[in-house]
Amino acid sequence: MQLTESIKFNFLASVIAMQDIVHTNARDKGWWDEERNDGEAIALMHSELSEALEALRKGNPQDNKIPFDNLTVELADCIIRILDYCGAKNLPLAEAIVAKHEFNTTRPHKHGKKF
């Protein structure tokens, strides 16, 4: 499905703003007092995905801090870590997501034959 200009604009504005808000919060909480190792930051993103898988293995119970299931919370944690990292590194994540989606719409059915 192609993105309309309105959807694209709203998505870009929202993700760019959220990236700034998330990174500012992490910086304010001291997570960027010293330069962080790129590999460690990516490993932390990966650990959130591992926690999402573990949530499924345990029947996906409710989170004990916010009113969502553990799978959804761990996926949110992963996205927050990605937004924070991209904010720290000034990476144009929102624009890359839009460009990658638009490219993916041109690919053939089940491209890559990976599965």
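Here are the numbers for this structure:
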| read-out | value |
| --- | --- |
| Scan of segment 56-91 for residues that are in contact with a Phe, Trp or Tyr (Cβ under 9 Å, 6 or more places away or on another chain) and free of Cβ contacts under 8 Å to residues at least 40 places away in the same chain, ordered by number | Q62, A76, L91 |
| Selection count, segment 80-102, where residues are farther than 18 Å from N37 by Cα and in a helix (DSSP H, G or I) | 10 |
| Test: F11 is surrounded by 11 or more Cβ atoms within 10 Å (Cβ to Cβ) and within 30 Å of T105 (Cα to Cα) | yes |
| Subset of segment 38-77 [loosely packed, with under 11 Cβ neighbours inside 10 Å, in a helix (DSSP H, G or I) and of a type in the set (V, I, T)] | none |
| Subset of segment 92-114 (residues that are surrounded by 14 or more Cβ atoms within 10 Å (Cβ to Cβ) and without any contact (Cβ under 8 Å) to a residue 60 or more places away in the chain) | P92 |
| Members of segment 14-37 that are surrounded by 13 or more Cβ atoms within 10 Å (Cβ to Cβ), part of a loop (DSSP other than H, G, I, E, B) and of a type outside the set (K, R) | W31, W32 |
| Test for L12: is it within 13 Å of the chain's Cα centre (by Cα) and touching a residue at least 60 places away in the same chain (Cβ under 8 Å) | no |
| Failed condition for M1, given (1) surrounded by 12 or more Cβ atoms within 10 Å (Cβ to Cβ); (2) in contact with a Ser or Thr (Cβ under 9 Å, 6 or more places away or on another chain); (3) among the aliphatic types (A, V, I, L, M) | (1) |
| Residue count, segment 39-55 (criterion: under 21 Å from L91 (Cβ atoms) and free of Cβ contacts under 8 Å to residues at least 24 places away in the same chain) | 5 |
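We did not get these values from a lab; they are worked out from the coordinates using the rules stated. Worth saying up front: this structure is predicted, and the values here are computed from it rather than measured. Ideal geometry is used to build each Cβ from the backbone, glycine not excepted, and the neighbour counts take in all protein chains shown.
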